[in-house]
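In what follows, a single structure is set out as structure tokens and then discussed.
Bear in mind that the values in this text are calculations on the coordinates, not laboratory data. The model shown is predicted, which means the values in this text are computed figures rather than measured ones. Cβ placement follows ideal geometry from the backbone for every residue including glycine, while neighbour counts extend to all protein chains displayed.
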Amino acid sequence: MAKRFTASTASPLTWWLFAVTMAIVAGVSQNAMIQILICAAALFAILIFREEAPWSRSVKFYLFLAGFVVIARVLFRIVFNIQNPEDTTAIDLPGFSINLGFGPPVELFGAVGIQALTGGATDGLRLAAIILSIGMASSLANPRALLKSTPSALYEIASAISVAINLAPQMISSLQRVQKARSLRGRSKGLGSMAGTVIPVLEDAIDSSLSLAASMDSRGFGRRGSLSKPLVLGARLSSLMAVGALSVGSFALLVGQTQTLGWVLIAIGIVSSFASIRINSKSQIRTRFEPMKLQFFDALILSLSALLLIAAILGWFA
Amino acid sequence: MNTFSGKWISNLSILLAGIGSVLMFSWPFFISGDSAAEADVAQVVFIALMPLMLVLILVEVATGEIGSKQIALLGVLIALNAVIRLLGAGTAGIETAFFLIIIAGYVFGSGFGFLLGTGSLLVSALITGGVGPWLPFQMMAAGLIGIGAGLLPKFGSRGAKLAVLIVYAIPASFAYGFLMTLWNWPFLAGSESSISYLAGAGAIENLIRFLQFQIFTGGLIWDLGRAVTTVALIAITGPLLLGSLQRAASKTGFVKPSKPEDANRAKAPGLSG
Amino acid sequence: MIALRDVSFGYAGTERPALSRVNLDFLPGEFSLVCGATGSGKSTLLRILNGLAPHFTGGSLSGSLVIDGIDVTGSKPHELAAQVGFVNQQPESSFVSDTVKQELVYGMEQLGFNRDKMSDSLKQVAELLDIEELLDRPLSWLSGGQQQRVAIASALAAGQKILLLDEPTSALDPEAAAEIVGVLKSLAHEHGITVILVEHRIERVIELVDSVVIVANDGLVTKGGYEQFENYHLVPPVIGLSTELSWNPVTVSVSAAKANWERGPQQWKQLVNENLSKTVAMEVNDLSVSYDGLDAVSKVSFEVHAGEVVALMGKNGSGKSSVLWAIQGGGKRSSGSVKTQFGDPKSLSADERLCVLTLVPQKAADLLFLNSLADELSESDKFAQLTDSGTSKIFESLTGRLDPKIHPRDLSAGQQLALVLALQLVKGAGILLLDEPTRGLDYAAKRSLAKQIRALRKEGKSVLVASHDVEFVALVADRVLELESGKMISDKLTTVALGIGSSHPTQISQITGQPGLLTLSQVEKVQK
């Protein structure tokens, strides 16, 4: 039998790109069937490809959340019902209103229309599909490997995050050890004992951070080439342009009449974000031992993503 | 990182990004009537843009003078905070992640506060599997709390410091709750219920609807729980934690030791022999 | 390879320099041992060689450092990373990655090596340290010895010709330590790497090194051979005996000392068996502890008299800690009982227990959380409802006066232990349980701890100490219990348990072969 494809056969970036594509398709589609298909596909992918790893154990959590969102959307439509005379009544509940002492009284229940219910369910399904798509990526993509493929400009922060992920289990055991030792001194329990537990662990953590830093620095961490002045200026200006364009663009998108402008600004924002990250990455001189290599399996998933994306743009899923 | 400053551009970017990201939380207040059909699209767009906003701020913060000691300290504090957060998880309204973000942000400065806030929520989501479209928003909100803590006035006496932190913790906890409820509001209630946002109705009308949503979903109780635990933890652990973190700050070169005793202590790490 | 010229180093706020006017040279392929008392500048000296001092430690440096003919004074650690490798005490706290391979290439990635060069060097260094089979393993699966090998490999992966190590064997058992030291010797002598090692367990390395550097408390540094130890008191018993009896040259191995001892009959005195009280302070009956169905301790019974020091010996994992915690009552106990004057500690509250017995855990600092020594002491008085500063009295009787403003984390390991002892004894417990108290202590600190324990014994307290440190147990204990896989296999007087012919004789027993002669203090000094 051929080698089995599992989560780590593909790069973590591939899984995330695939997940984002699925989320985009779910976002633009108004068709409940498509949403259900995406939910099913995401779930299917998790169950087939997942490996034995801490980050792949939360399928139930994502399923619960997805279900919760669908139910919440429908419940909101029923409980905080806006009665629509054009809609065919599905459930006729006695309506009443509550006055909270401010604003108009809140209308509750009343005749719930079929369109309201299906609309609520479709909206909920769309979000469920997005949640499950992201859940799929986070179940299948190894966060450590993902950190290794972050752009160089974020290398330092990615290092801190990967140190944190590596240290967390150790931290749990030292918290338990200190808690046990603390009982030897008698004294208070509950929240009051927080200081006695947190401080020794924190002090240990600070000491170990220093020896970790010494070890990192002794092996060359902190070497960086310097950017020329124009490049530094360029990086900073493109960042400024990016956040400015994204912020103003978002606002323009919301206020009506200016939506085209909004989309243009957001596009400019995205482009200058990448420019800024690119320039900032240039100051790094370090190399990577196992740079990402695209495998057949990656190519397969990525072409599928591309097809989905094209179809979404052509409006096939509307 | 080099003599050419241009640092103000960087700070301006962070400020703008902060304003922009608050907009991405509070869009239901501003959305106009004729884009009602686009409301759902807006939500998806912001879910996609928020991570980009985060990355931009992170890059700006990281390009400062940030060395191995700061990175290692950040790593262990994120791990500690993520683990402390796990301990508190599951009990309604108990949120144990913020006291450390606030105290550390105060001691180490805004940039560190932002990194610790975003990092703590990211790592705790990675270890528990809570990654979802809400995560970048939680990270941003927690990061903003960290930035705010770094901007608080630095008093000399420990009592005054503690008072400032406690006074800050209350609005900060509520602000986090407010932002996250704002995010949940369109996410859970959609746009077509009697307590959903009403596109084009203006900020005031929508604020009323938002408060009604808060009351019906009990969000305020959670926010209150978060504020109470954060204040209590700062009050209980603050006096000692401030001392420990200030010691760490002088060891890791965040501040130059000013008094001889501090400098004396600064030599201690791993130098027992 | 390395030349230090007129190097002085001082920490801000202290008058005494850590190092003063040091002139040292190290040759390529030299294996050198650096020793000195706790608090002397030995770690600082090591760290100056790759820039960690002053860049990570603070303080001010003068003089010059030349590596490989180039003046690198004032360079930062990462600027010297390609020339100098550095290995810390605890490998697990210096790891950056999750797998062995990633850890090994980390340094090369930082230095910007290309892919091919990385995989070549990776192969070479893995072969050099004999860790090829471990490459794909997670670091957390490795044993202590394997972790230390990986740490050394990753310090040398980028082709560094100088290797600095700070107490690399302190977390290892004797066999693993011997292996690591062997590896270091071959790195120096067969591969031409300059290896400089700080180590206070001198006996583990002394026979293999080419040179010895001694850092004195006044910051003066001398380099030479074994004769260095003549006026040096921080030494293992074998060297201590040699200087005590004025043997020339100094003997560093047990076999050489044995030959010297046999050459001339020496004077020594028997240990006086001080009168033991008949009162039984604690009676342990059929104590068992099991975790998830596995027996950690099975049916252990013994008694401890008032004013008696009993040692609980056994390998790591033989159940020593479990016994102590089960007696104290805070740990798991599956069956069995403990009788004291006030009943079984298990049935008492945590605060009540402190009046009866107290346990000092392996990591004593876990119990310290306040910001100054004074705060810890006064909190303890408040807790014990003492109006006269009772805790500081106990503390001072153990260590002498110290600056009350000092941060507890800045105390030496020995002082921290004394502080925790004082905090735990203030409520007047008559029974003291100590879990591996000598971890991280140097010879001087161990001797001072032994003195403190003997003083407590004189006050009539009973002490049960879990330890695998033979020399320390010989100094303190009246009786030795031995555990093996949770079962008690022997209960003997110390003179028998650690004497000649036993399974763990002390160094002095091995050298002299005299029954009843265990420690250096029994040997009469010979005047020159």
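Of the residues A:G244, A:G101, A:G262, the one that moves most in a GNM of chain A with alpha-carbon contacts below 10 Å is A:G101. Computed over the protein assembly as shown, the P(r) tail beyond 57 angstrom holds 23 percent of alpha carbon pairs. Taking H placed 1.01 Å from N in the peptide plane, check which residues at least 5 places from A:L108 or on another chain put their amide H under 5 Å from its amide H. Here the answer is A:F96, A:S97, A:I98, since their amide H atoms fall under 5 Å of that of A:L108. Taking only Cα atoms, what is the 0 to 90° angle, nearest 10, from helix C:115-128's long axis to the longest principal axis of chain C? The angle comes out near 50 degrees. How high is the relative contact order of region C:431-470, in percent, counting Cα pairs under 8 Å that sit 6 or more residues apart? Here the relative contact order equals 71 percent. The length gained on full extension between A:L47 and A:V264, counted as 0.36 nm times the residue separation minus their Cα-Cα distance, comes to 74.2 nm.
With 10 angstrom as the radius, rank C:S143, B:S120 by how many other C-beta atoms surround their C-beta, starting from the fewest. Mind showing how you got there, number by number?
Numbers: C:S143 11, B:S120 30.
In increasing order of surrounding Cβ atoms, one gets C:S143, B:S120.
The simple spin-label model puts a point 7 Å past each Cα toward its Cβ; for C:S334 and A:S8 those points are separated by 3.6 nm. For C:E133 and C:Q385, the difference between the fully extended length at 0.36 nm per residue and the C-alpha to C-alpha distance is 84.8 nm.
The A:T89 and B:F155 beta-carbon pair, evaluated with R₀ = 41 Å, returns a calculated FRET efficiency of approximately 0.05. Taking the Cα centre of region A:9-158 as origin and assigning +1 to Lys and Arg Cβ atoms and -1 to Asp and Glu Cβ atoms, the resulting dipole is close to 520 debye.
Between region A:63-142 and region C:168-227, the alpha-carbon centres lie 72 Å apart. Placing a label point 7 Å from the Cα of A:F296 along the Cα-to-Cβ line, the residues of region A:3-28 whose backbone N sits under 15 Å from it are A:3-6, A:9-10. Distance from the alpha carbon centroid of region C:320-353 to that of region C:375-424 works out to 25 angstrom. Put in line by how crowded their Cβ is, counting other Cβ atoms within 10 Å and starting with the fewest, B:L126, C:L142 read C:L142, B:L126. Hey, which lysines would be in cross-link range of C:K299, C-alpha to C-alpha under 29 Å, not counting anything within fewer than 8 residues on its own chain? Of all the lysines, those that pass the test against C:K299 - Cα under 29 Å, at least 8 places apart if same chain - are A:K180, C:K278, C:K315, C:K320, C:K332, C:K339, C:K346, C:K363, C:K461, C:K487, C:K492. Between the Cα long axis of helix A:259-281 and the first principal axis of chain A there is an angle of about 10°, rounded to the nearest 10.
State, as an integer percentage, the relative contact order of chain A based on alpha-carbon contacts under 8 Å between residues 6 or more apart. Kindly include the intermediate steps, with their values, before the conclusion.
Values: 357 pairs, mean separation 82.8, N = 318.
So the answer I get is 26 percent.
Between the helical axis of C:144-156 and the dominant principal axis of chain C, each derived from Cα atoms, what acute angle in degrees is found, rounded to the nearest 10? Compared with the principal axis, the helix lies near 20 degrees.
Using just its DSSP H runs of length 4 or more, each adding -39500 (n - 2.57), the protein assembly as shown gives a mean residue ellipticity at 222 nm of -17000 deg cm²/dmol after division by all residues. Legend: ranking of residues C:T243, C:T438 from fewest to most surrounding C-beta atoms inside 10 Å; resulting order C:T243, C:T438.
By how many nm would the segment from C:S246 to C:K393 grow when fully extended, if each residue of separation counts as 0.36 nm and the alpha-carbon distance is taken off? Present the calculation step by step, with values, prior to reporting the outcome.
Numbers: separation 147, 0.36 × 147 = 52.92 nm, distance 4.02 nm.
Length difference between fully extended and current span is 48.9 nm.
In this simple spin-label approximation, A:K229 and A:F61 carry label points 7 Å from Cα along the Cα→Cβ vector, and these lie 5.0 nm apart.
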